[in-house]
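Here's the structure we're looking at; comments come further down.
The values are calculated or read from the model by the stated rules, or taken from the named source; none is laboratory data. Quantities reported herein were computed from a predicted structural model and do not represent experimental measurements. Here the Cβ positions follow ideal geometry from the backbone for every residue, glycine too, while neighbour counts run over all protein chains shown.
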Amino acid sequence: MVRADLDKSVQLLPAQEIINSGKIYIINDLLFVIEKWKGFHFFDVIIRDDLLVAIGENGLYLYRLSIKKDGIQASHLSTVKLQ
């Protein structure tokens, strides 16, 4: 494929539901979720020291961690569903 054809084949679309997720990559502050046979979704994320990102069977889960007298507490903040 020549560069001009590649440029024509790439589209930036509005947010869409992830239907058939594949591999997940984190590069710097970007999270990429591969959509099988379609392309990829990307999210601009800032992961601070007090945040935990967990990958489960049905999605990505974001938690805020805080240190308490009896241990570490994780408070659920958000879920990105993957289907």
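Just to be sure, is Leu12 more than 14 Å from the chain's Cα centre (by Cα) and of a type in the set (A, V, I, L, M)? Outline the logic, then answer.
Details: more than 14 Å from the chain's Cα centre (by Cα): yes; of a type in the set (A, V, I, L, M): yes.
Criteria met by Leu12.
Would you confirm whether any residue within the stretch 9-31 is of a type in the set (Val, Ile, Thr) and over 28 Å from His76 (Cβ atoms)? If you could, list the steps in order and put the result at the bottom.
Just the residues of the stretch 9-31 that are of a type in the set (Val, Ile, Thr), to begin with: 10, 18-19, 24, 26-27.
Subset that is over 28 Å from His76 (Cβ atoms): 10.
Checked the stretch 9-31: at least one residue is of a type in the set (Val, Ile, Thr) and over 28 Å from His76 (Cβ atoms).
Somewhere in the stretch 15-22, is a residue out of contact with any Cys (no Cβ under 6 Å at 6 or more places or on another chain) and in a strand (DSSP E or B)?
As a first pass, look at the stretch 15-22 and keep what is out of contact with any Cys (no Cβ under 6 Å at 6 or more places or on another chain): 15-22.
Those left that are additionally in a strand (DSSP E or B): 21-22.
Yes; the residues of the stretch 15-22 include at least one that is out of contact with any Cys (no Cβ under 6 Å at 6 or more places or on another chain) and in a strand (DSSP E or B).
Considering only strands (runs of 3 or more DSSP E) fully contained in the stretch 39-83, which possess at least 1 residues that are modelled with pLDDT of 75 or more and more than 26 Å from Gln16 (Cα to Cα)?
Of the strands (runs of 3 or more DSSP E) lying wholly inside the stretch 39-83, those with at least 1 residues that are modelled with pLDDT of 75 or more and more than 26 Å from Gln16 (Cα to Cα) span 59-68, 71-81.
Just checking, how many residues over the stretch 6-44 are surrounded by 10 or more Cβ atoms within 10 Å (Cβ to Cβ) and of a type in the set (A, V, I, L, M)?
Of the residues in the stretch 6-44, 8 are surrounded by 10 or more Cβ atoms within 10 Å (Cβ to Cβ) and of a type in the set (A, V, I, L, M).
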